[in-house]
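Q: The structure is given below, and queries will be raised subsequently.
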Ligand SMILES: [Zn+2]
């Protein structure tokens with residue numbers, strides 16, 4: 001969340017101004033920058049000035065793919081409406097009124113080797129060039145992020161979770177409603193009235209993308225996507241600009257240090273602050289759980305540990321803490337299921353092996369208990385609790 005009032009674009013006075021325009025001497029949005037700069041009259045000093053020598057060639061710094069596609073469209077609009085030397089100074093728009101003219105334009109466009117990102121479809125539609133073949137471009141991470149924003153905008157939480165990696169887990173454990181409530185509890189996510197893609201960035205490995213949006217011309221929001229089996233999936237949402245992603249680890253560390261020193265009120269302040277930024281962070285939910293455990297508020301601890309599991313079902317520590325709370329509340333069936341899930345992921349996790357074994361001891365299933373305890377001790381020879389438990393049941397096995 002940005003706490004500074006954002007500057008509006010000098011030209012549209014609606015969107016946020018995100019770059020300085022030398023021709024206007026003010027901050028403007030990229031949409032208006034595109035409208036201005038295609039005339040190629042921007043000073044060379046401006047990093048956003050455009051270089052072009054024809055309709056299919058355009059060099060321009062852009063902050064996102066969406067912006068690049070847009071500047072190409074603006075350039076195409078200009079081209080369509082201006083006399084073109086290649087057509088003996090005829091205007092493509094008028095030329096396209098006859099079938100013969102259409103074929104001339106198609107023949108001209110066909111000679112270019114066109115990158116699929118070029119929105120050729122735009123010219124096709126504007127000039128009704130039915131015979132022009134258009135290759136549709138591959139959907140990018142920006143398209144995915146726009147889809148997610150659309151779902152947030154329409155409050156379709158169920159559709160949102162379907163595109164997330166934990167969908168199956170949540171579905172089979174009846175946790176979809178809890179997830180929806182969790183997402184809907186965020187003020188910003190619930191009240192999106194408009195959104196505008198500002199910029200995006202891809203990491204070196206090209207498997208992680210950040211797409212930054214201006215929300216309601218007021219807030220910053222970054223969608224963090226990850227490539228999973230050649231599909232972009234939602235990893236997290238950050239109420240802030242792109243650079244905040246790099247501060248998450250540091251923020252987590254600060255909270256962990258405060259909690260380990262038992263400075264709970266300071267930890268509370270930081271957790272409150274960061275939970276409003278890292279909206280879908282299983283780590284912060286986990287630390288909220290730890291925080292409430294310190295305060296001996298097991299009810300709230302339970303809510304947060306479960307939320308951490310909902311956000312990341314493979315989060316072993318969060319699941320363990322949640323299982324432990326179920327165990328202490330004598331919700332044996334649930335606790336056992338959770339312990340088993342942990343062991344499926346981490347077969348030698350000592351605390352889980354020991355706790356599950358003690359449940360079996362209570363059920364007089366000594367054989368099963370001994371098996372778990374032996375695994376535990378062989379991998380963790382210093383784990384005394386397991387040794388004591390094994391000692392207890394020696395006479396029964
Ligand atoms: Zn503007």
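The values are calculated or read from the model by the stated rules, or taken from the named source; none is laboratory data. Everything quoted here is computed from the prediction, not taken from an experiment. Cβ coordinates were reconstructed from backbone atoms using ideal geometry, including for glycine residues, and neighbour counts include every protein chain displayed.
Q: With 349, 345, 317 as the choices, which residue is modelled with pLDDT under 95, out of contact with any strand residue (DSSP E or B) (no Cβ under 8 Å at 6 or more places or on another chain) and surrounded by 15 or more Cβ atoms within 10 Å (Cβ to Cβ)? Break it down stepwise before answering.
A: On the way: 345 fails: surrounded by 15 or more Cβ atoms within 10 Å (Cβ to Cβ); 317 fails: modelled with pLDDT under 95.
Within the list 349, 345, 317, the selection yields 349.
Q: What helices (runs of 4 or more DSSP H) lie completely within region 7-99 and have 2 or more residues being closer than 25 Å to residue 143 by Cβ, in contact (Cβ under 8 Å) with a residue 12 or more places away in the chain and within 16 Å of the ligand (Cβ to nearest atom)?
A: On the way: elements: 30-37, 65-80, 92-95.
So the answer is 30-37, 65-80.
Q: Related question: Counting only residues that are part of a loop (DSSP other than H, G, I, E, B) and either in contact (Cβ under 8 Å) with a residue 60 or more places away in the chain or surrounded by fewer than 13 Cβ atoms within 10 Å (Cβ to Cβ) (or both), how many does region 156-190 have? Reasoning before the result, please.
A: Step one: of region 156-190, the residues part of a loop (DSSP other than H, G, I, E, B) are 156, 163-166, 173-175, 185-186.
From what's left, either in contact (Cβ under 8 Å) with a residue 60 or more places away in the chain or surrounded by fewer than 13 Cβ atoms within 10 Å (Cβ to Cβ) (or both): 163-166, 174-175, 185-186.
Number satisfying all stated conditions: 8.
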